[in-house]
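In what follows, a structure is listed as structure tokens, so that the remarks can point back to it.
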Amino acid sequence: MKTKISDRLHSLRDEMKKSGIAATIIPQADPHMSEYLAAHWQSRRWLSGFTGSAGDLVVTADKAYLWTDSRYFLQGAQQLEGTEIELMKDGLPSTPSIETFLTSTLKPGETVGINGMMFSSVSAESLRDNLAKHDITLVTDFDPIDNIWSDRPALPDAKIFVHDAKYAGLEAKEKIDNILAALPGLQASSQFISALDEIAWTLNIRSNDVTYNPVATSFLYIAPDGQSVLFVDDAKLTDEVKAYLSAQGVSTRPYDAIMDFLASLPSEARVLIEPGRTAEAVRTALGCRAVSGASPVAEMKACKNATQIAGIKDAMRRDGIALVHSFMEIERRVAANDGISELDVAEILRRNRSAQDLFFDESFGTIAGYEAHGAIVHYEADENSSSTLKPCGLLLVDSGAQYLDGTTDITRTIALGTPTADERRDFTLVMKGHIAMANMIFPEGTNGAQIDVIARQFLWKNGLSYLHGTGHGVGHFLNVHEGPQRVALNISRFPFKPGMLTSNEPGLYRTDVHGIRCENLVLCVPAMKTEFGQFYGFETVTMFPFDLSLFDTSIMTDEEIEWVNNYHTKVYDTLAPGLSGEALAWLKDKTSKLTR
């Protein structure tokens with residue numbers, strides 16, 4: 001594999017030399033600015049061998065570097081070992097940004113080449129401006145991948161299907177009308193959408209183009225008077241879907257017709273684009289017709305309606321039942337010392353979830369990290385790395401499912417034997433932050449950065465921390481990561497609103513020792529209204545117990561212990577009607593009262 005990486009980088013440099021390019025950036029991106037990519041757009045993975053979902057490759061005439069964030073520091077170091085690619089730990093004070101690196105490395109008069117369909121308008125503009133200050137040129141039409149990737153996977157061709165309004169809560173036509181009603185306030189009369197999750201939500205369509213994310217590769221132009229157009233390969237459309245789209249006032253055109261269509265719009269057209277989620281090449285094609293602004297779809301999609309909320313809660317109930325059977329089997333097989341591995345854990349979870357009603361797929365690749373592997377935040381076992389579980393140490397399991405009525409995402413850390421005092425203390429410090437966020441009451445207008453500190457405070461008091469965010473938005477039978485809300489240290493301009501589904505997942509990772517993460521999904525709900533305004537809180541909707549053996553009650557308050565007991569009572573009451581026999585007895589034991 002290392003030889004292949006070298007050969008691929010050599011081919012890329014040949015293309016750079018032909019085009020007079022001194023440096024190029026190969027991002028983890030597609031034309032839709034997606035977090036998770038179809039195989040066709042996994043160019044950075046193919047060139048570098050690094051499989052993380054975040055990270056950009058920079059290649060110069062004689063060097064190569066890969067920037068990735070803290071979730072992938074350990075994984076990146078392992079996968080890049082033996083290649084010429086140097087790992088750049090993004091976010092650390094000692095690591096320059098890509099822009100700073102390029103301006104300090106390249107000479108005035110040299111050129112950086114990128115593919116303008118793989119960079120958002122915002123990132124391309126920032127890069128161009130910073131390079132120009134050092135007399136370095138940016139060109140946005142450098143697209144060498146087809147020339148060097150001879151066996152590149154084809155564009156996704158999975159069929160599209162309709163996500164019934166009995167799950168979605170609204171028909172597509174209603175959503176389009178709501179979007180159009182919001183556009184005049186943004187000085188626009190139409191909207192162009194690249195983001196696949198926003199397209200899927202707007203039109204109530206789903207597909208299987210991206211692993212774990214039920215989206216369809218397409219672009220959407222929303223306009224009044226039935227002039228909306230979905231740009232999608234015809235092979236993906238059944239007669240039923242064509243008739244459905246037509247009934248919703250949406251026509252179709254080929255996927256690759258988008259650039260000509262945009263360029264042909266009348267000069268007086270005012271088309272809303274969200275610069276951070278729209279490719280630079282698209283903005284260039286629109287020219288003066290483009291109106292930059294936040295997509296109204298993001299907030300509409302994030303605030304789940306009553307039908308969706310009911311579905312989410314039912315999906316959580318079924319998911320909890322599947323988890324009971326899964327963790328029972330894991331515990332039984334570990335005790336029997338039958339050689340159960342991290343890969344087996346993922347298979348057990350998928351098997352039990354797939355037996356539940358309305359199951360569609362997993363919502364991401366299961367993270368089953370035993371002992372030291374748990375400290376690799378986005379670890380995913382393979383045949384070479386998969387560890388055998390033993391009746392000792394900690395197992396971190398982060399997993400989820402896509403059901404037609406909801407998306408789940410849960411992390412549990414469990415002790416496979418008698419936990420040590422250090423393990424219990426670490427776990428409890430994480431849980432104190434989890435409980436603090438779950439119990440929060442906050443005023444209208446509060447954003448994720450203000451909430452994030454609440455979850456970290458107990459770790460910080462002990463000189464501990466974690467580098468990932470505390471919470472991300474979750475879609476409804478859509479992407480497990482969605483915006484606009486998030487809980488993280490960096491400032492967010494999007495306040496929490498009722499109906500937003502978000503993860504609550506503080507963690508602690510000790511390299512080569514263990515990882516701990518405790519994750520539930522929570523709904524933002526109204527809490528109270530006083531003379532000081534409207535206040536909100538969180539309703540926990542994930543239903544599965546935490547490992548009672550890992551709590552160190554000596555560092556817990558009475559209120560924290562009460563929260564655990566109340567949560568476990570709710571878990572039991574919710575899941576018990578769907579269980580019997582050994583499974584019911586297991587759940588009863590796992591939700592027994594926590595005492596000092």
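The values are calculated or read from the model by the stated rules, or taken from the named source; none is laboratory data. Everything numeric here is computed off the predicted structure, so don't read it as measured data. Don't worry about glycine lacking a Cβ; one is built from the backbone with ideal geometry, like all the others, and counts go over all protein chains shown. Quick note on the areas: whole protein, heavy atoms, side chains included, nothing else; ligands and nucleic acids left out. Shrake-Rupley method; radii C 1.70, N 1.55, O 1.52, S 1.80 Å.
A crude spin-label estimate for the pair Asn439 and Arg510, with each label 7 Å from Cα along the Cβ direction, gives 2.6 nm. For the stretch 391-451, the relative contact order is 28 percent, taking Cα pairs closer than 8 Å that sit 6 or more residues apart in sequence and dividing their mean separation by the residue count.
Distance from the Cα centroid of the stretch 90-114 to that of the stretch 509-538 is 37 Å (rounded to whole angstrom).
Solvent-accessible surface of protein heavy atoms, probed at 1.4 angstrom with all chains present, puts Lys529, Lys236, Lys89 in the order Lys529, Lys89, Lys236, largest first. With both labels modelled 7 Å from their Cα along Cα-to-Cβ, the Asp357 to Ala39 distance reads 3.5 nm. Taking 0.36 nm per residue of separation and subtracting the current Cα-Cα distance, fully stretching the chain between Leu489 and Gln534 would add 13.8 nm.
The distance between label points at Glu347 and Val525 comes to 4.0 nm (points 7 Å beyond Cα on the Cα→Cβ vector). Remark: the stretch 472-489, residue by residue, has Karplus-estimated 3J(HN,Hα) of 10, x, 10, x, 10, 6, 8, 4, 6, 10, 8, x, x, 7, 7, 10, 7, 5 Hz, where x stands for each Gly or Pro and the curve is 6.51 cos²θ - 1.76 cosθ + 1.60 at θ = phi - 60°. Measuring against 23 Å, Cα to Cα, the residue pairs Lys2/Lys390; Lys313/Lys570; Lys173/Lys301 contain Lys2/Lys390 as the ones spanning a longer distance. Only protein heavy atoms count here; on that basis, with a 1.4 Å probe, Cys288 has an accessible area of about 100 Å². Comparing Cα centroids, the stretch 1-50 and the stretch 128-156 end up 9 angstrom apart.
Antiparallel DSSP bridges in the chain: what percent, to the nearest 5? Here the share of antiparallel DSSP bridges comes out near 75 percent. Put a plus charge on the Cβ of each Lys and Arg, a minus charge on the Cβ of each Asp and Glu, and nothing anywhere else: the dipole of the stretch 299-456 about its Cα centre is then about 540 debye. For Ala61 and Glu240, the FRET efficiency from 1/(1 + (r/R0)^6), where r spans their Cβ atoms and R0 equals 56 Å, is about 0.60. In this structure the amide hydrogen of Ala527, modeled in the peptide plane, comes within under 5 Å of the amide hydrogens of Phe535, Tyr536, Gly537, none closer than 5 places in sequence on its chain. Take every pair of alpha-carbon atoms less than 8 Å apart whose residues are at least six positions apart; their mean separation over the length of the chain yields a relative contact order of 11 percent. Length gained on full extension, Lys18 to Asn337: 108.9 nm, using 0.36 nm per residue less the C-alpha separation. Calculated mean residue ellipticity at 222 nm for the chain: -10500 deg cm²/dmol, from DSSP H runs with n ≥ 4 weighted as -39500 (n - 2.57), summed, divided by the residue count and rounded to 500.
Rounded to the nearest 20 debye, the dipole magnitude of the stretch 486-596 is 360 debye, with +1 charges on Lys and Arg beta carbons, -1 on Asp and Glu beta carbons, and the Cα centre as origin. With 0.36 nm allotted per residue and the present C-alpha distance subtracted, the Thr446-Gln78 stretch has 128.5 nm of extension available. For the stretch 311-464, what class follows from the C-alpha gyration tensor (a ≥ b ≥ c being the square roots of its eigenvalues): rounded when a/c is under 1.5, otherwise prolate if a/b is larger than b/c, else oblate? Oblate shape, in that a/c is at least 1.5 and b/c is the bigger or equal ratio.
Residues whose amide H lies under 5 Å from that of Asp361, counting only those 5 or more places away or on a different chain, are Gln402; hydrogens are built 1.01 Å from N in the peptide plane.
Using the Cβ-Cβ distance between Asp151 and Gln227 with R0 set to 60 Å, the FRET efficiency from 1/(1 + (r/R0)^6) comes to roughly 0.90. Shown is the FRET efficiency for Asp260 and Ala165, computed with R0 = 41 Å from the Cβ-Cβ distance and rounded to the nearest 0.05: 0.80. Heavy-atom accessible area for Thr569, with the other protein chains in place and a 1.4 Å probe, reaches approximately 70 Å². Computed with a 1.4 Å probe over protein heavy atoms only, the accessible surface of the stretch 320-378 comes to 35 Å² per residue.
Using only the Cα atoms of the stretch 162-203, build the gyration tensor, take square roots of its eigenvalues as a ≥ b ≥ c, and label the shape rounded, prolate or oblate: rounded if a/c is under 1.5, else prolate if a/b is larger than b/c, else oblate. Verdict is oblate for the stretch 162-203. Figure legend: label point modelled 7 angstrom from the Cα of Asp7 along Cα→Cβ; residues of the stretch 21-56 with amide N under 20 Å from it are 42-51. Measuring only protein heavy atoms, the 1.4 Å probe finds Tyr509 accessible over about 50 Å². The aspartates and glutamates within cross-link reach of Lys593, meaning a Cα-to-Cα straight distance under 15 Å and a gap of 8 or more places when in the same chain, are Asp547, Asp552, Asp558, Glu559, Glu560, Glu562, Asp573. Surface composition of the chain: carbon plus sulfur atoms contribute 50% of the solvent-accessible area (1.4 Å probe, protein chains only, all chains present).
For a modelled paramagnetic label at Ser267, 7 Å from Cα along Cα-to-Cβ, the residues of the stretch 154-193 in reach, with backbone nitrogen under 20 Å, are 188-190. Could you let me know the centre-to-centre spacing of the stretch 247-270 and the stretch 199-234, using Cα atoms, in angstrom? A separation of 13 Å, based on Cα centres.
About the Cα centre of the stretch 45-144, how large is the charge dipole given +1 on each Lys and Arg Cβ and -1 on each Asp and Glu Cβ? Please answer in debye to the nearest 20. Here the stretch 45-144 has a charge dipole of around 160 debye. The value of relative contact order for the stretch 30-80, using C-alpha pairs under 8 Å at least six residues apart, is 29 percent.
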